[in-house]
Amino acid sequence: MPLDKLHDVIQAVFDWWDYHLHAFNIGDSRYGLLDVDRFEDDDEELDEHGVKLHRLLCQGDRFTYEYDFGDFWVHDIEVESVENVEVTLRRAVCIDGARARPPEDCGGTSGFEEFKAIMADHRHEEHESMTEWFGGPFDPEHFSLGQANATLQRLR
């Protein structure tokens, strides 16, 4: 899977909207979307497009995925295994998960903690407006494998 597609997969399973910049930090290299408005010598970021994971990583390797440089979500990713498969899947598949996904633009980890506290306290002065912004109630322990996979199946 190329890095640009892995970005799409992560966006899908988090139910995020790809509104912000992102980068993969693998070894000493940083991959992302190259901005045509930047001068090439101003940044050492490499183009992620078409860069395949199996060419960069082996079992046990770790790397990070950063998303939304304002909220600064950092995902630590570890390659648990590398296996040959007889049948190549056309879509990514989520095989496990836990707890609810943080909503897009909730303010990073500290904002997500505040969001969870507000949503848990029906008497909080911001509870009603936050519930409306989110689109309904929020259960921080809820995870739906079916919903995650349904979102992944819609990816092109």
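The values are calculated or read from the model by the stated rules, or taken from the named source; none is laboratory data. Please read all numbers here as calculations on a predicted model, not as lab measurements. Backbone-built Cβ (ideal geometry, glycine too); neighbour counts: all protein chains shown.
Among GLY50, GLY108, which is the only one that is in contact (Cβ under 8 Å) with a residue 24 or more places away in the chain and either touching a Pro at 6+ places or on another chain (Cβ under 6 Å) or among the basic types (Lys, Arg) (or both)?
Numbers: GLY108 fails: either touching a Pro at 6+ places or on another chain (Cβ under 6 Å) or among the basic types (Lys, Arg) (or both).
Result: GLY50 is the single residue among GLY50, GLY108 that is in contact (Cβ under 8 Å) with a residue 24 or more places away in the chain and either touching a Pro at 6+ places or on another chain (Cβ under 6 Å) or among the basic types (Lys, Arg) (or both).
Name every residue in region 57-110 that is not in a loop (DSSP other than H, G, I, E, B) and not assigned by TED's automatic domain parsing to the domain that holds LEU6, in order of residue number.
Applying the first criterion (not in a loop (DSSP other than H, G, I, E, B)) to region 57-110 yields 62-67, 73-78, 108-110.
Selection gives GLY108, THR109, SER110.
Set side by side, the residues PHE115, PHE138 differ, and just one is hydrophobic (A, V, I, L, M, F, W, C), in a loop (DSSP other than H, G, I, E, B) and in contact (Cβ under 8 Å) with a residue 12 or more places away in the chain, which is PHE138. Using the structure shown, decide if VAL85 is hydrophobic (A, V, I, L, M, F, W, C), more than 16 Å from VAL13 (Cα to Cα) and in contact with a helix residue (DSSP H, G or I) (Cβ under 9 Å, 6 or more places away or on another chain). The answer is no for VAL85.
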